[in-house]
Amino acid sequence: MVKLVANNLEMKFGERHIFSVDRLQLSQGQTIHLQGDNGCGKTTLMKLLAGLISPSRGAITTEGFEPLPWWRSNALLGKAVYLHQHPYLFDGSVEYNLSYPHPFCNMTKQQLSERTQTAIEMAELTHLKNQAASSLSGGEKQRLAIARAWIMQPKLLMLDEPTSNMDRFSQDLVLTMISDLQQLGTGMLISSHQSCVLTSLCNQTWVIENQHIMSSYTANNIPDSADSAPINLQEPRYVIAN
Ligand SMILES: Nc1ncnc2c1ncn2[C@@H]1O[C@H](COP(=O)(O)OP(=O)(O)OP(=O)(O)O)[C@@H](O)[C@H]1O
């Protein structure tokens, strides 16, 4: 099982303290709802866990991943796929954007081709597959980014406000793809101010409040393993980027 473990983490921008936390763990099998008001640091936490920025103090370590190739100095980059609220898409068609992750996937050509076709259908993008990705609506772009992540089947996935631009139809399509990844064991961190269609899948919550990160489990999901238990709730206590 792969995991990211943050210890003794503190994040500041200049003199401004954003949050601190003694310990956090994002691992396969978890589906976590990341909550908090505007500006509390949800995106910042995801960027830290994705290795896109560095903490002011503390360390984020990885467990269970393949050893790094010699040319990779940042051990975190590429471990957890991070989907930005406004997804980064490549110049080119919808189909091109879905084929981009292929070299990074450990699948045969045939499997990739079938999986890409299924992703296009699941995201209801068939009629748009030759259209420039840059011309898609906000909700369609998010569906495309999530379809691309679904093809990759990452071990860890972080979704930043994934349903913010979506109507009910798009939310239901995305729910199907995310539920499927959950069944396959992808560990997920989903940020959303409020409950949304995806947060119903979550079995744990992280709340950023008063510059601390608090963790709790849903009632029917209290872990019995000390390894996965949240630590210290009162004290100040995670490429391919889409
Ligand atoms: N590079 C930066 N330099 C200085 N301040 C920053 C930087 N990045 C983020 N911040 C500040 O840190 C705080 C947390 O930002 P962040 O984007 O993580 O919040 P958020 O919880 O994701 O907000 P929202 O819910 O509105 O998307 C904000 O006040 C923001 O202005």
Considering only DSSP states other than H, G, I, E and B, which trypsin sites (Lys or Arg not before Pro) in the range 53-131 qualify as loop sites with at most 13 other Cβ atoms within 10 Å? Arg72
If you count the DSSP beta bridges with both ends in the chain, what percent of them are antiparallel, to the nearest 5? 55
Got a sec? Charge dipole of the range 11-135, +1 on Cβ for Lys and Arg, -1 for Asp and Glu; which of Phe90, Ser135, Gln35 is way out at the positive end? Gln35
What distance in nm separates the simple spin-label points at His193 and Asn8, each placed 7 Å from Cα in the Cβ direction? 3.6
Step through the residues of the range 108-116 one at a time and calculate ³J(HN,Hα) from phi using the Karplus curve (6.51 cos²θ - 1.76 cosθ + 1.60, θ = phi - 60°), rounding each to whole Hz and writing x for Gly and Pro. 6, 4, 4, 4, 5, 5, 5, 5, 5
Taking R0 as 22 Å and r as the Cβ-Cβ distance between Arg16 and Leu52, the FRET efficiency 1/(1 + (r/R0)^6), rounded to the nearest 0.05, comes to 0.70
One quarter of the convex hull surface, Cα atoms only: what value does that give for the range 21-108 in nm²? 8.5
Full-extension gain in nm, Ser164 to Ser135, via 0.36 nm per residue minus C-alpha separation: 8.6 nm
So, with +1 on the Cβ of K and R and -1 on the Cβ of D and E, and no other charges, what is the size of the charge dipole of the chain about its Cα centre, to the nearest 20 debye? 460
Per residue, how much accessible surface does the range 101-222 expose to a 1.4 Å probe? Answer in Å², no decimals. 46
What are the lysines whose alpha-carbon lies under 29 Å from the alpha-carbon of Lys141, with same-chain residues fewer than 8 places away excluded? Lys3, Lys42, Lys47, Lys79, Lys109, Lys129, Lys155
In nm, to one decimal, how far is the Asn38 label point from the His86 one, both placed 7 Å along Cα→Cβ? 1.5
For the chain, the percent of accessible surface on carbon and sulfur atoms (probe 1.4 angstrom, ligands and nucleic acids excluded) is 48
Calculate, in nm to one decimal, what Met1 and Gln110 gain on full extension: separation in residues at 0.36 nm each, minus their alpha carbon distance. 36.6 nm
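The values are calculated or read from the model by the stated rules, or taken from the named source; none is laboratory data. Everything numeric in this text was worked out from a predicted model, so none of it was measured. So basically every Cβ, Gly included, is an ideal-geometry build from the backbone, and we count neighbours across all protein chains shown. Side chains are part of the model used for accessible areas, which takes the heavy atoms of the whole protein and leaves out ligands, DNA and RNA. Shrake-Rupley method; radii C 1.70, N 1.55, O 1.52, S 1.80 Å.
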